[in-house]
Amino acid sequence: MSIQWFPGHMHLTRKAIAERIKDIDVVIEVLDARLPGSSANPLLAELTGHKPTLKVLNKQDVADPERMALWLDWYNAQNDTAAVPLDASDPAPARKLIDGCHRLAPNRGGMAKPMRVLICGVPNVGKSTLINTLSNKRQAKTGDEAGITKLEQRITLADDFYLWDTPGMLWPRISVPETGYNLAASGAVGRNAYDEELVVLELLRRLQARYAPQLEARYKLALPAGAVAALRDDELLEAIGRKRGAMMAGGRVNVQKAAEIVLTDFRTAVLGRITLETPSEFEDWRAAAAVQDAEREAKKQARASKKKGRKAPEAV
Ligand SMILES: Nc1nc2c(ncn2[C@@H]2O[C@H](COP(=O)(O)OP(=O)(O)OP(=O)(O)O)[C@@H](O)[C@H]2O)c(=O)[nH]1
Ligand SMILES: [Mg+2]
């Protein structure tokens, strides 16, 4: 199963960004520091790629610091890419972004040539929170779910500095399945577009690989970390449900309820500072998805030429 979510307001956002980008000096792409590869939107890269871009790894306060260092190195080693970690609600570091914009577009400033900055990223990463922190006002609506901002909005930071808040956008086909799962776990995907149980089983597998002690500390399963890591994902979910009292009649675990508990604990960082992917894992996932895509394309071509071959004699 793959996760896809590209509702109507994202089509409109895509058009709005394509139109707006002509008058933009610097793009700030907000990424989720808990999934810094999966939350980088290839469609945004296509739409904004020719403009100076600052990548912000937001929610750094709830991400794994060791893994974040790997991601910062990975991004900063790429041409023309500067990445910085951030907690969007913390004013001093957020305001440093303003200097970053001036460095990237040194010829902008003053009333005649105001700085025009577009803030974009996948849903629920903290774009509007960042704008509110930068402007020191609650001008943009924020909220703990995907799709809070529905329309582009201009915010005036100073007479010569404008920010555009944009609705969170995904891309029409998320071809890397792990990326879809991580985005869903983070809250970037609309609730009706994924199965919570499947997303949580995937999430648990990632947590078991690196964060088994955190799982034990939170759910007190009375198992050593090695045993938590070795459990089957569905057994682990059941054990968590049982421990947390998510039960149905007849003594069975309410798996849906258990999944909701884990998801909330991950999203609110009760489970601790977690990052779901490393650069090398992400590259492996991408490579595997590219192979699958190539195979799918080859099969499609083969089917098309077979069909043609069958049709040809009839045409004679
Ligand atoms: N821990 C933490 N939470 C954050 C941070 N930035 C934003 N949030 C929370 O993340 C949630 C989403 O924030 P928004 O600013 O509404 O996100 P958005 O990117 O504008 O979302 P959409 O408009 O839906 O695309 C809110 O609950 C924020 O409080 C951060 O740096 N750290
Ligand atoms: Mg928003």
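The values are calculated or read from the model by the stated rules, or taken from the named source; none is laboratory data. Computed from a prediction, not measured in an experiment: that's the story for all the values here. With ideal geometry, Cβ positions are generated from the backbone for all residues, glycine too; neighbour counts draw on all protein chains shown.
Details
- Summed over the stretch 181-200, residues that are out of contact with any helix residue (DSSP H, G or I) (no Cβ under 9 Å at 6 or more places or on another chain), of a type outside the set (K, R) and part of a helix (DSSP H, G or I) total 2.
- Checking each residue in the stretch 257-283 for being in a helix (DSSP H, G or I) and basic (K, R) picks out K257, R267.
- Just so you know, in the stretch 47-69 the residues that are within 17 Å of the chain's Cα centre (by Cα) and part of a helix (DSSP H, G or I) include one that is farthest from ligand 1 (Cβ to nearest atom), and it is R67.
- Of the residues making up the stretch 172-189, those that are crowded, with 19+ Cβ neighbours inside 10 Å and away from ligand 2 (no atom under 14 Å from the Cβ) are I174, V176, E178, T179, G180, Y181, N182, L183, A184, A185, S186, V189.
- Residue in the stretch 143-150 that is surrounded by 18 or more Cβ atoms within 10 Å (Cβ to Cβ), away from ligand 1 (no atom under 12 Å from the Cβ) and either within 18 Å of the chain's Cα centre (by Cα) or not assigned by TED's automatic domain parsing to the domain that holds L47 (or both) present: no
- Verdict on D80 being outside any helix (DSSP H, G or I) and loosely packed, with under 14 Cβ neighbours inside 10 Å: yes
- Criterion: outside any loop (DSSP other than H, G, I, E, B), surrounded by 15 or more Cβ atoms within 10 Å (Cβ to Cβ) and at pLDDT 95 or above - qualifying residue of L35, L31: L31
- Condition check for V84: near ligand 1 (Cβ under 9 Å from one of its atoms), β-branched (V, I, T), more than 25 Å from D159 (Cβ to Cβ) and outside the structural domain of R210 (by TED's automatic domain parsing): no
- Hits in the stretch 231-256 - residues which are surrounded by 15 or more Cβ atoms within 10 Å (Cβ to Cβ), more than 29 Å from the chain's Cα centre (by Cα) and part of a helix (DSSP H, G or I): R242, K243
- Residues that are farther than 18 Å from I21 by Cβ and of a type in the set (D, E) within the stretch 145-184 comprise E145, D159, D160, E178, listed in sequence order.
- Screening L198 against (1) over 30 Å from L130 (Cα atoms); (2) without any contact (Cβ under 8 Å) to a residue 60 or more places away in the chain leaves a single unmet condition, (2).
- Among residues of the stretch 13-31 that are closer than 18 Å to F161 by Cβ, those with a beta-carbon under 8 Å from a residue that is acidic (D, E) and surrounded by fewer than 19 Cβ atoms within 10 Å (Cβ to Cβ) at least six positions away or on a different chain give the pairs R20/E152.
- The residue list G187, G168, G180 contains one member that is at positive phi and either in contact (Cβ under 8 Å) with a residue 12 or more places away in the chain or of a type outside the set (G, A, S) (or both), which is G187.
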